[in-house]
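First up is the structure itself, then whatever we jot down about it.
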Amino acid sequence: MSAVLPAGPMAGAVEETTIAPAPDWWQSAVIYEVYPRSFADGDGDGVGDLAGLTARLPYIAALGVDGIWMTPFQPSPQVDQGYDVTDYCGVDPLFGTMEQFESLLAQAHALGLRILLDVVPNHCSSEHPLFRAALAASPGSPERGMFHFVQGRDGQTPPNNWQSVFGGRAWSRANPDSATDLDWYLHLFSAGQPDWNWRNPAVGDYFDGVLRFWFDKGVDGLRIDVAHALFKADGLPDSPSEGGVVDGLRSNPQVSDQEDVHEVYRRWRTIAEKYEPHRLLVGEVNLEPARAARYTRADEMQQAFAFAFVKLGWDPEAWAAVGNELEAARLEHGAAPTWALENHDIVRSVTRFGGGELGGVRARAALVALLGLPGAAYIYQGQELGLPEVEVPVEARVDPMWARGGVCRDGARVPLPWTENAALSHGFSLGEPAAEPWLPQPADWGSHAIELQEQDQDSALNLTKAALELRRQLWKNEVFTADDGGSWRVEAGNLLICKRNEHFLVAVAMGTEPVRLPAGTVLLTAAPLEQDGWLQPNNAAWVLR
Ligand code: GLC
């Protein structure tokens, strides 16, 4: 790792972290995604919780990020690890109490960290009181009108051909044993996650209340789960795609990207802007750039993840093509891309980029590149450690997607290794005695431990910190600005270049031979340069011109 600061104004010390008063703080932000189950276990029951996260907040603050996105901790039967909510305004006892959340929020703010929560508006839990009431009510009742209850075609066949994102059909019988109740209910995910009917205005009103509840508490923003799928095509027609397969919701125009959904985000933006500073809305909008960018128009969300980029392999042409598409979308709609390489749903980048040492080197280069790109960025817990995807033993897998025949996402969710020593689940548990962690940690987990990486100047952790610190200084010194755009190209030797503005570019050597870097001062590289002006394969550089 090498971080070289040029002499002059940028060489100054980094300012104390505080919550910036700027209303547009999110434009330059880097947010750290915490999957609370797997971050730190305060009470030693094997599941991470609010007490554990609170105790470990200084670690996150020391990374130099601007905030935390917490995946769901609200009351839930945990069919989909909390993405099946029974009470949107509560805290599941598994994770702690509301008082603990309030204390977490206050301590995070005191450390200069903003807090974003996950809101899951497409579906709730089948244990949600409103869904329980709907099941108990009769077909055609207002209670059923909150969800998609539809009579099957002939009592046996579901209303249409849609398939669940997790595999299998997207419909279950309301009362499988009843001869008179022939309704089915829609669930784009598991049967334990019924979809809300957003064509019913009562659903919108209900969620307005959820937003206000958390914003009133001082929560800084919300990540919106499956944000593009709330509205389904009128009449719920069959999907034209083969077998009604939803395929990440993208290829089924009946359940994805309906025009009506934008009205929801206009309304939510109005609510978010009633608060000072304005609250942030960031969407899980799993669509191609041109469509996803429509969710970040001036009066909708401020951010939507650049999903087209999230899953790319080590392929410079693909990076450049997606980068330029995102830039075209930015020019049309005005919002910079929101970058991520990892989250709790996808295979860790180390493994995606080839696994082992090669994957590790590439994942570092990719992270350095990402943090230099114009726009906000999200880092998923463990990415800063270069954690690989874990091959979780089949008998230990709990992901409902796996159970329904889809891929298994547990490998990116294994509890973090804090200590080299395996005691207390590698320091994941802060309470004693510590129960087995909810997903088993692999035998070599200690080699990635935070305590080791903190001591090692060349670790992925220290590289991440250096990049974040330099990024902050470049923003402060206006080398980075909110108006920057990305101009991407691939040069001879598979050198990927993203020119951010007249003064700054990111270069990634994605070929097999060393390549000459464009002229300028090299501010940061993912691995030390072996020869001045030349970038070795799988290294990345920030160049000031
Ligand atoms: C989102 C979440 C994922 C969850 C799904 C259903 O994609 O990130 O973890 O399973 O929505 O809520």
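The values are calculated or read from the model by the stated rules, or taken from the named source; none is laboratory data. Keep in mind the model is a prediction, meaning the values are calculated, not measured. Cβ atoms come from the backbone with ideal geometry, glycine included; neighbour counts cover every protein chain shown. Calculation scope for accessible area: heavy atoms of the full protein, side chains included, ligands and nucleic acids excluded. Shrake-Rupley method; radii C 1.70, N 1.55, O 1.52, S 1.80 Å.
Set side by side, the residues 52, 46, 42 differ, and just one is on the phi > 0 side of the Ramachandran plot and either modelled with pLDDT of 95 or more or more than 20 Å from the chain's Cα centre (by Cα) (or both), which is 46.
Taking the stated definitions as given, is residue 359 modelled with pLDDT of 95 or more, within 16 Å of the ligand (Cβ to nearest atom) and part of a helix (DSSP H, G or I)? Please lay out each step first, then the result.
Working: modelled with pLDDT of 95 or more: yes; within 16 Å of the ligand (Cβ to nearest atom): no; part of a helix (DSSP H, G or I): yes.
No, not satisfied.
Scanning the range 373-386 for residues that are touching a Lys or Arg at 6+ places or on another chain (Cβ under 7 Å) and closer than 13 Å to residue 439 by Cβ yields a total of 0. Identification of helices (runs of 4 or more DSSP H) wholly contained in the range 386-461 with 3 or more residues that are within 16 Å of the ligand (Cβ to nearest atom) yields 400-403. Of all residues in the range 139-158, those satisfying the criterion of being farther than 18 Å from residue 122 by Cβ and surrounded by 13 or more Cβ atoms within 10 Å (Cβ to Cβ) are 139, 141, 143, 151, 152, 158. Taken over the range 478-506, residues that are open to solvent by 60 Å² or more (accessible area, probe 1.4 Å), of a type outside the set (Gly, Ala, Ser) and not in a strand (DSSP E or B) amount to 5. Cβ-Cβ distances below 6 Å connect the following pairs, each with a first residue in the range 112-123 that is within 10 Å of the ligand (Cβ to nearest atom), a second residue that is of a type in the set (Lys, Arg), and a separation of six or more residues or different chains: 118/223.
Here's the yes/no breakdown for (1) surrounded by 15 or more Cβ atoms within 10 Å (Cβ to Cβ); (2) outside the structural domain of residue 332 (by TED's automatic domain parsing); (3) without any contact (Cβ under 8 Å) to a residue 60 or more places away in the chain:
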position	(1), (2), (3)
258	yes, no, yes
261	yes, no, no
274	no, no, yes
280	yes, no, no
284	yes, no, no
294	yes, no, yes
297	yes, no, yes
305	yes, no, no
308	yes, no, yes
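Summed over the range 236-246, the residues that are at pLDDT below 70, surrounded by fewer than 19 Cβ atoms within 10 Å (Cβ to Cβ) and closer than 21 Å to residue 197 by Cα give a count of 1.
Does residue 319 satisfy the condition of being of a type outside the set (Ser, Thr, Tyr), in a helix (DSSP H, G or I) and open to solvent by 50 Å² or more (accessible area, probe 1.4 Å)? Judged against the criteria, residue 319 is not a match. Taken over the range 440-457, the criterion of being in contact with a Leu (Cβ under 7 Å, 6 or more places away or on another chain), open to solvent by 30 Å² or more (accessible area, probe 1.4 Å) and not charged (D, E, K, R) is satisfied by 448 alone. Looking across 368, 310, 347, one residue alone is under 21 Å from residue 29 (Cβ atoms) and within 16 Å of the ligand (Cβ to nearest atom). It is 310. Do we find a residue being open to solvent by 10 Å² or more (accessible area, probe 1.4 Å), within 17 Å of the chain's Cα centre (by Cα) and touching a residue at least 60 places away in the same chain (Cβ under 8 Å) anywhere in the range 395-412? Yes, the range 395-412 has at least one match.
For the criterion of being crowded, with 23+ Cβ neighbours inside 10 Å and part of a helix (DSSP H, G or I), residue 166 fails.
Among the residues of the range 375-394, those identified as at negative phi and open to solvent by less than 10 Å² (accessible area, probe 1.4 Å) are 376, 377, 378, 379, 380, 381, 384, 385, 387, 392. For the range 328-339, does any single residue satisfy the condition of being within 16 Å of the ligand (Cβ to nearest atom) and either under 17 Å from residue 411 (Cα atoms) or open to solvent by less than 20 Å² (accessible area, probe 1.4 Å) (or both)? Yes, because at least one residue in the range 328-339 is within 16 Å of the ligand (Cβ to nearest atom) and either under 17 Å from residue 411 (Cα atoms) or open to solvent by less than 20 Å² (accessible area, probe 1.4 Å) (or both).
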